[in-house]
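The values are calculated or read from the model by the stated rules, or taken from the named source; none is laboratory data. These numbers were taken from a predicted model, which means no experiment stands behind them. Please note: Cβ atoms are built from the backbone with ideal geometry, for glycine as well, and neighbour counts cover all protein chains shown. Remember, those area values only see protein heavy atoms, side chains included, never the ligands or the DNA or RNA. Shrake-Rupley method; radii C 1.70, N 1.55, O 1.52, S 1.80 Å.
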Amino acid sequence: MKLRSLGCALLAVGLLGSGQVASAAATEAATTAAAACTWKPTALGAGTAVSAKVTATDDKGNFAGWALPTDQFGDTVRAASWTNGTYADLGTPGYNGAAVTAENRSGTVAGTAYSTIFGAGFIYEKAFKSSGGTLVALPFPTASQLPAGYTRSAAVGITDSGDVIGVVRKQDGTGLTAVRWPAAQPGTVTLLTGAPSSGIGPVAVDTDGAILLNSSDIWRDGTLTHLGTLPGLKYAWPDDIKNGRVVGYGVYNGKNVGVYWDQQHAAHILPKSSYNLSNGNPQFSINASGLITGRVDEANGGNDLAGTGYGVWNQGTFVSKFGDLKADLPVVVGDDGTVGGYRYDSTTRHSTAYLWRCS
């Protein structure tokens, strides 16, 4: 099936929102058509680097992430991008390693440089963005904005206008505060007016600037909207936001599940889903039309212990299993329907960046 055909099938399923009624036969037909899609993998080269991962997309089929040049002790990862499949080493904003966490539709990336000074217990963590072909470190708030002692910053997302959203904190990790680095005012940083304090921070950023917080709130222009819940749903945690839709995970009646919140902020359990937080494998991602990638449960081929086995949902409806259940680790799903991620080799402990297209 061509990608355009898949999109039509997914759209048909996606129209079944709250208050809308469609025949079971039509829903089943659309889902069956989408399930016939095959996710075809393409390995993304990374020059002479020994390991690489995709962690962000511009929603147009291009990706960004990181690459590790060598296995030599002390070597650090470098920011990377893949434009039309061509790899570019984006470097670092200094002597520390750098990994991209977000990319907007213009191809501007944001990320965090991170390293630890062994024996000293000092953590170096610095947010950055790309500008004019280089990575630029982003500033800390001034003493008039926050008390002294803030030494760490991290970028979480970037809007289409180029604003970077992230957090600052003290060296010991306390004092977590949500901030914005506005593109229109280079070299400055502002606090998010109306955002909760006491360790509440951003999880993801929508293209229009709405910010998903770990408090299960959406911050938009200083106003907070809380995500809904369901009887039996506990420990719900949002993961990603796109076009006002949110995906995350929680525990529902004692089972680890994925959770989808529609544009009206109502919660839905993702059928056949699961998750594993212990090994750092990707969680859930969503695109503007509501296409979701995330882990499937063991009854559908997933492996909860290994944290492998992924699936595809469309606005809460299960569509299909994703690629190779043992090997494929999707991280981000773009608005064009392409998926970026990686495969991990447990023998070499190296990762290879991948993209997948539906056909």
- Query: If we scan segment 41-57, do we find a residue that is charged (D, E, K, R), surrounded by fewer than 24 Cβ atoms within 10 Å (Cβ to Cβ) and either in contact with a strand residue (DSSP E or B) (Cβ under 6 Å, 6 or more places away or on another chain) or not in a strand (DSSP E or B) (or both)?
  - Reply: no
- Item | Condition met for residue 207 (of a type in the set (Ser, Thr, Tyr), under 24 Å from residue 334 (Cα atoms) and in contact (Cβ under 8 Å) with a residue 60 or more places away in the chain) | yes
- Among the residues of segment 70-100 satisfying the criterion of being touching a Ser or Thr at 6+ places or on another chain (Cβ under 9 Å) and charged (D, E, K, R), which is farthest from residue 133 (Cα to Cα)? 71
- What about residue 195, is it assigned to a loop (DSSP other than H, G, I, E, B), surrounded by 14 or more Cβ atoms within 10 Å (Cβ to Cβ), without any contact (Cβ under 8 Å) to a residue 40 or more places away in the chain and on the phi < 0 side of the Ramachandran plot? yes
- Taking segment 297-317 and keeping residues under 20 Å from the mean Cα position of the chain (by Cα), outside any loop (DSSP other than H, G, I, E, B) and not β-branched (Val, Ile, Thr) leaves 310, 311, 313, 314
- If you take the residues of segment 323-335 that are surrounded by 17 or more Cβ atoms within 10 Å (Cβ to Cβ) and either of a type in the set (Asp, Glu) or out of contact with any strand residue (DSSP E or B) (no Cβ under 7 Å at 6 or more places or on another chain) (or both), which of them is nearest to residue 59 (Cα to Cα)? 335
- Message: Anything in segment 151-175 that is open to solvent by 40 Å² or more (accessible area, probe 1.4 Å) and closer than 19 Å to residue 114 by Cα? List them, or say none.
- Response: 151, 169, 170, 171, 172, 174
- Could you tell me whether segment 168-185 includes any residue that is under 18 Å from the mean Cα position of the chain (by Cα) and on the phi > 0 side of the Ramachandran plot? no
- Given (1) open to solvent by 40 Å² or more (accessible area, probe 1.4 Å); (2) out of contact with any helix residue (DSSP H, G or I) (no Cβ under 6 Å at 6 or more places or on another chain); (3) among the charged types (D, E, K, R), residue 304 misses just (2)
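Taking into account only those residues within segment 326-358 that are in contact with a helix residue (DSSP H, G or I) (Cβ under 9 Å, 6 or more places away or on another chain) and not small (Gly, Ala, Ser), which is nearest to residue 262 (Cα to Cα)? Can you show your working first?
Filtering segment 326-358 down to residues in contact with a helix residue (DSSP H, G or I) (Cβ under 9 Å, 6 or more places away or on another chain) leaves 336-338, 357-358.
Keeping just the survivors that are not small (Gly, Ala, Ser) gives 336, 338, 357-358.
Details: 336: 20, 338: 22, 357: 25, 358: 24 Å.
So the residue we want is 336.
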- Output yes when any residue across segment 273-280 is farther than 19 Å from residue 255 by Cα, assigned to a strand (DSSP E or B) and within 17 Å of the chain's Cα centre (by Cα), and no when none is. no
- Message: Contact list please: Cβ distance under 8 Å, first residue in segment 55-75 and over 19 Å from residue 280 (Cβ atoms), second residue surrounded by fewer than 24 Cβ atoms within 10 Å (Cβ to Cβ) and of a type in the set (Lys, Arg), pairs at least six apart or on different chains.
- Response: 58/105; 59/105; 60/105; 69/78
- Note on the structure: The number of residues in segment 183-192 that are assigned to a loop (DSSP other than H, G, I, E, B) and either of a type in the set (Val, Ile, Thr) or surrounded by 15 or more Cβ atoms within 10 Å (Cβ to Cβ) (or both) is 4
- Message: Go through (1) without any contact (Cβ under 8 Å) to a residue 12 or more places away in the chain; (2) open to solvent by less than 20 Å² (accessible area, probe 1.4 Å) for residue 212 and report which single condition fails.
- Response: (1)
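Quick test for you: out of 320, 289, pick the one residue that is open to solvent by less than 30 Å² (accessible area, probe 1.4 Å) and more than 20 Å from residue 237 (Cβ to Cβ). Don't jump to the end; show me each part of the working.
Working: 289 fails: open to solvent by less than 30 Å² (accessible area, probe 1.4 Å).
Step by step, each of 320, 289 is checked, and only 320 is open to solvent by less than 30 Å² (accessible area, probe 1.4 Å) and more than 20 Å from residue 237 (Cβ to Cβ).
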- Note on the structure: Those residues of segment 220-273 which are basic (Lys, Arg) and either open to solvent by less than 20 Å² (accessible area, probe 1.4 Å) or within 14 Å of residue 205 (Cα to Cα) (or both) amount to 220, 242, 245
- Looking only at residues in segment 324-347 that are part of a loop (DSSP other than H, G, I, E, B) and touching a residue at least 40 places away in the same chain (Cβ under 8 Å), which one is nearest to the chain's Cα centre (by Cα)? 334
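For (1) assigned to a strand (DSSP E or B); (2) at pLDDT below 95; (3) open to solvent by 50 Å² or more (accessible area, probe 1.4 Å); (4) out of contact with any Lys or Arg (no Cβ under 7 Å at 6 or more places or on another chain), each residue gets a yes or a no:
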position: 59; (1), (2), (3), (4): no, no, no, no
position: 73; (1), (2), (3), (4): no, yes, yes, yes
position: 76; (1), (2), (3), (4): no, yes, no, yes
position: 88; (1), (2), (3), (4): yes, no, no, yes
position: 99; (1), (2), (3), (4): yes, yes, no, yes
position: 111; (1), (2), (3), (4): yes, no, no, yes
